[in-house]
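Scroll down for the structure; my scribbles are underneath it.
Derivation of every value follows stated rules applied to the coordinates shown; laboratory data play no part. Keep in mind that what you see is a predicted model, and the values were worked out from it rather than measured. Here Cβ is always computed from backbone atoms with ideal geometry, including for glycine, and neighbour counts include all displayed protein chains.
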Amino acid sequence: MKSEVQTNEDIQLVEQLNESIGKIKQEIGKVIIGQDEIINNLLISLLSRGHCLLVGVPGLAKTLLIKTLAEVLHLKFSRIQFTPDLMPSDITGTEIIEEDPTSKRRSFRFIEGPVFSNIILADEINRTPPKTQAALLEAMQEHRVTAAGVTYTLPEPFFVLATQNPIEQEGTYPLPEAQLDRFMFNLWLDYPKYEEELEIVRSTTSQYKAELSKVVTAEELIRFQELVRRVPVAANVIEYSVRLVNKTRPKHNEAQKFIKDWVNWGAGPRASQYLILASKAKAVMEGRFTPNIDDVKYAVIPVLRHRLIANFNAEADGVTSVDIIKRLMETV
């Protein structure tokens with residue numbers, strides 16, 4: 001049956017991917033205690049060529065998790081600390097005047113910025129003004145940077161992980177909805193469980209220092225990403241995803257009353273695309289050759305959480321976008 005679905009080469013690649021994912025999780029587990037679902041979602045988005053926005057209160061190891069993931073992979077890593085005075089050229093790069101020592105002729109030379117890496121940590125992305133945010137978000141969408149009329153292609157794979165603090169909003173610049181839509185997943189980190197916190201305190205207050213091994217190269221990761229795109233999907237799985245996203249739109253003829261009452265704007269087609277890509281990636285990560293509706297359901301909240309714009313009525317009723325999504329899933 002498997003050979004009917006995929007070629008022998010793809011079957012071997014799925015097995016290799018499954019083995020590599022296990023090793024990556026094992027290496028990350030040397031540093032990060034708990035957060036299994038968050039790690040799983042990060043790997044799904046990485047395989048889907050998506051970007052992630054991690055939201056959580058300070059001290060939940062958002063930055064450490066991303067740095068550890070980058071260390072486990074054979075990829076170039078850059079961390080950008082977003083501050084109010086950060087300029088677009090601090091991210092993309094800038095041109096300098098350079099003088100040839102022999103001919104004394106001067107010319108411009110482009111100095112690449114930190115965005116020319118494989119994994120970008122955009123730390124506290126909401127602390128910088130929209131002009132600078134847009135410089136990164138353009139690179140996320142186009143995978144290229146234009147400076148002085150010259151276009152420079154970013155290295156592949158290219159993956160942006162942005163962090164955000166949900167409680168401290170003074171002096172911040174929240175990302176507009178159109179820019180939030182560039183992120184495949186919006187992941188909310190919760191507090192660790194009691195037993196996990198005990199282990200965190202024990203390990204981080206001792207002399208323990210994890211020795212991490214590199215697991216996957218850039219070339220291997222690109223092959224895994226291409227494999228995800230080749231995964232076949234049944235028509236009913238695609239129909240389920242599109243129907244679910246359609247029903248988030250208040251003006252759709254099949255929209256439920258609670259959607260019309262609580263939602264200003266629903267999710268766009270990019271949500272349907274990401275639901276299918278996430279379900280494909282989850283399937284192959286688990287050694288399966290095609291996704292099912294349960295794989296789609298797994299990705300619904302992180303894909304839709306930041307794409308549903310709840311209105312004042314929802315806020316007055318104490319209803320969040322996640323509450324709306326959960327209720328919607330019961331109706332589809």
Distance in nm between ALA234 and ILE167 label points, each 7 Å along Cα→Cβ, equals 4.4
For VAL160, which sequence-distant residues (separation of 5 or more, or a different chain) have an amide H within less than 5 Å of its own amide H, given hydrogens modelled in the peptide plane? CYS52, ILE120
What are the ³J(HN,Hα) couplings of region 148-163, residue after residue, when phi is run through the Karplus curve with 6.51, -1.76, 1.60 and θ = phi - 60°? Round to Hz, x for glycine and proline. 6, x, 10, 9, 10, 7, 7, x, 10, x, 10, 9, 10, 10, 10, 10
Over all distinct alpha-carbon pairs, what is the Kirkwood Rh of the chain in angstrom? 21.6
I want to check the label-to-label distance for GLU195 and LEU180. Put each point 7 Å from Cα in the C-beta direction and report it in nm to one decimal. 3.5
Quick check: from the Cα gyration tensor, does region 110-248 come out rounded (a/c under 1.5), prolate or oblate? rounded
Out of residues 5 or more away from ASN264 or on other chains, whose amide H comes under 5 Å of its own, with H placed 1.01 Å from N in the peptide plane? ILE309, ALA310, ASN311
May I ask you to order 43-49, 68-74, 103-109 by the average number of other C-beta atoms within 10 Å around their residues, highest value first? 43-49, 68-74, 103-109
Evaluate Rg over Rh across region 54-188, taking Cα atoms for both radii and Kirkwood's formula for Rh. 1.03
Between THR146 and LEU64, what is the FRET efficiency for a Förster distance of 30 Å, r being their Cβ-Cβ separation, to the nearest 0.05? 0.35
Tell me, in nm to one decimal, what length is gained between LYS76 and GLU19 on full extension, where the rule is 0.36 nm per residue of separation less the Cα-Cα distance? 18.3 nm
Amide H proximity to ALA255 below 5 Å, modelled H, separation 5+ or other chain, gives none
Semi-axes (Å, rounded, descending) of the ellipsoid equivalent to region 187-332 per its C-alpha gyration tensor are 34, 25, 12
Ratio of region 5-131's C-alpha Rg to 2.2 N^0.38 Å, to two decimals? 1.42
Whole-number percent relative contact order across region 233-332, with pairs defined as alpha carbons under 8 Å at least 6 apart: 31
Taking Cα pairs under 8 Å and at least six residues apart, what relative contact order does region 144-269 come out at, in percent? 14
